[in-house]
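The values are calculated or read from the model by the stated rules, or taken from the named source; none is laboratory data. Only a predicted model underlies this, so the values are computations on that prediction, with no experimental measurement involved. All Cβ positions, even for glycine, are placed from backbone atoms using ideal geometry, and neighbour counts span all protein chains on display. Note: areas computed on protein heavy atoms with side chains; ligands, DNA, RNA excluded. Shrake-Rupley method; radii C 1.70, N 1.55, O 1.52, S 1.80 Å.
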Amino acid sequence: MEFLQLAINGIALGAAYALVALGFVLILNATGAVNFAQGDLVAAGGFLAVALAGFLPVPGLLLLPLVVILMAGLGLAVSAAAYWPLRDRPPVAVFISTIALGIVIQNGLNGLFGAEPRAAPPLFSGGHLEFFGLVIARQSLAIMGVAALLIGGVQLLLKHTQLGRRLRATAQDREVAAALGVPVGAMVALTFALAAALAGVAGLLLANQFFITPTHGTDFIVKAYIAVVIGGWGRVGGALAGAMLVALFETVVAAWTDYAVATGLLYAALLTILVFRPQGLFGEAEGRRA
Amino acid sequence: MKLRIFITAFAAFLSLMLLQGDALAEVPNFPVLVPLTGFLSLEGTSQRNGAVMALDEDKSVAYGVFDTATSPEVAVNAMERALRDRIHTGVIIGPILGTQMLAMLPLAEEYQVPLVTISGTAKLTEMGNPWIFRFFPGDAVTKVAHARYAVEELGRRRPAILYQTTAYGQSGRGHLETTFRSLGAVPVYQEGLDVSVRDVTAALAKAMAAKPDVLVLHLHSGPTALLVRQARAQGIDLPIVAGSAMHQPTTAALLEPSELRDVCAETGSSPISGGSPEMERFTADYREKFGSDPDAFALAQYDATRMLLVARHTGPTGGAPLRDWLASHEFRGLAMTYKSDGKGNMAHDAVIVCYDGSTRTPHIAMRYKGVDLAR
């Protein structure tokens, strides 16, 4: 029973991490560069939800569309500031510019909201449900549901729509896509918007259950990075599986050992994968590693 | 005619500048070096607010606020910048972050400038440096009060300790364990949590398996709130005696009042709990000035700065005279009476605050006076 309880908590946490990792992979594939500001965008999404809740005291579900729209706008701004001027430079330039932008976002949040932890409103309502001795927070169920819907939606968008095909064409080979008439610049900007929107949703979900501070973004990006390396650099499915694995280490493995040992084991697993299967558990999307 | 006007105006300007320079030369400078960004920015902001409030009330000294962020190098650079004008700088109000203060201590000795801080790191006052003055009770005070309250007042004998893996957390854990053992209450479970851990149900499950009768926390603000919330969600209704982070109004704001039932915390003071007209006036003025509730860090820094200002008005404004004055005088602040123990530890009292489950404002449940002086 205890294992089940921990596993459910781990899956809920992993679902939120998966949204962060998904946004990370989308930008990685579209630009070939690592967006190190993705974690800070999660923090920005969390604080945006906190700020909106101050004006509109409604459940988080009603704030969600606003967060998505505003964060998509922020994603476009990130693309214009950190990617567009450097698009013809080596990927490491974007890597550095997103680190810088992340610091700007972090300090901006600190200046605007202060350093104290904040809590966003729950998606539906707070409280817990009990099933056969298991205590499950309503917010955990909401996180799992929303994450599943969004991840499914992104997959549908990418695989079954003309826009998705253009996004994938841009991700696979920008030069060929441009030669075929795909507006590559717009597709990259759209990818940043989509990734930021996903980060915003993750921020709203995490900021209720686990609170949010301006410096939390660093934790999220490290976890997303590990998830992507474990799952396979550039693999969407791999990133989701990697995110789940990271969360299960934090809950289930930590229960068998302790948090310090669980963290050590996670990094040991990461190193083992890098040594024996550097392409990650699900294989690496070809030519993606920056 | 035009030349005469120009010469007169220039002479007047020059006289004004010289006069102003003379006036400025007499105004001591109290630089405020605090972490305003990074993981300790919440506490650093409280520290800044407390110092600024006292300095703005007095208006007799100049000051500048410098952000020390999180690394010792930034703090040392900020101190170098603040000390560039050595004639006016009589004292440095130093950061709450212990690793930064440790790096700044040699500079204080070199420049012969007292360092006034609210950092709790025990080592600061154990290095024989006569220039350090700490106005917040260290672990040797607060953790003793923490453990004594759990054992002597709540009658608990099987504490489970959950602490942060940071230097702050490990230092506190050491003092807690020693005190619990000396009181005959051997901890049944101990685990360190990294600040990035989000889900603490695993730690709670293991702690509960050891059958504790009280949960003892020594965590930062966010992790404290997380643990209290997740413990209550898991149906754990044991009393929780937390570290000073729990007394911060911003921590309590993250929790529902019902989740706070049977939760207590150690701290140096609790301004929002009131207790005297002066304390209530301080809290009201602080709210008006900064738009937030004051915590013990803000009040400790306010008291420390007021003691410096009392010194400034009675004579010493810096250097060795101020050091000797601080080392030999007693000051009755709002939180407590401060007096050096010979090592620069000025604060020796702690309080335990508890929440009753109906409000986020705690009441003072117990006062411990002269904890480290009594031993």
- Message: Every residue in region B:284-302 that is open to solvent by less than 10 Å² (accessible area, probe 1.4 Å) and either over 26 Å from residue A:117 (Cα atoms) or outside any helix (DSSP H, G or I) (or both), please.
- Response: B:294, B:295
- Checklist (1) open to solvent by less than 40 Å² (accessible area, probe 1.4 Å); (2) of a type outside the set (Val, Ile, Thr); (3) out of contact with any His (no Cβ under 6 Å at 6 or more places or on another chain) applied to residue B:172, failing item: (3)
- Task: Kindly list the number of the only condition in (1) at pLDDT below 90; (2) part of a helix (DSSP H, G or I) that fails for residue A:33.
- Result: (2)
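Every residue in region A:171-199 that is of a type outside the set (A, V, I, L, M) and open to solvent by 30 Å² or more (accessible area, probe 1.4 Å), please.
Result: A:172, A:173, A:174, A:175, A:181, A:183.
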- Message: I'd like to check something: does region A:62-69 contain any residue that is within 14 Å of another protein chain (Cβ to nearest Cβ) and touching a residue at least 40 places away in the same chain (Cβ under 8 Å)?
- Response: no
- Residues in region B:41-57 that are within 14 Å of chain A (Cβ to nearest Cβ) and either of a type in the set (A, V, I, L, M, F, W, C) or touching a residue at least 12 places away in the same chain (Cβ under 8 Å) (or both) total 7
- Message: Please list, ordered by residue number, the helices (runs of 4 or more DSSP H) wholly in region B:160-238 having 3 or more residues that are more than 9 Å from chain A (Cβ to nearest Cβ) and within 25 Å of residue A:135 (Cβ to Cβ).
- Response: B:201-209, B:221-233
- Would you be able to tell me the number of residues in region A:53-88 that are touching a Pro at 6+ places or on another chain (Cβ under 8 Å) and in a helix (DSSP H, G or I)? 3
- Task: Just give me the residues in region B:303-316 being within 13 Å of residue B:116 (Cα to Cα) and either open to solvent by 30 Å² or more (accessible area, probe 1.4 Å) or in the same structural domain as residue B:364 (by TED's automatic domain parsing) (or both), in sequence order.
- Result: B:306
- Filter region A:112-137 for residues that are open to solvent by 70 Å² or more (accessible area, probe 1.4 Å) and closer than 11 Å to residue B:233 by Cα; which is nearest to the chain's Cα centre (by Cα)? A:128
- Message: All but one of (1) within 28 Å of residue B:28 (Cα to Cα); (2) part of a helix (DSSP H, G or I); (3) open to solvent by less than 30 Å² (accessible area, probe 1.4 Å) hold for residue B:281; state the number of the condition that does not hold.
- Response: (3)
- Task: Go through (1) open to solvent by less than 20 Å² (accessible area, probe 1.4 Å); (2) away from chain B (no Cβ under 14 Å); (3) of a type in the set (A, V, I, L, M) one by one and return the number of the condition residue A:74 breaks.
- Result: (1)
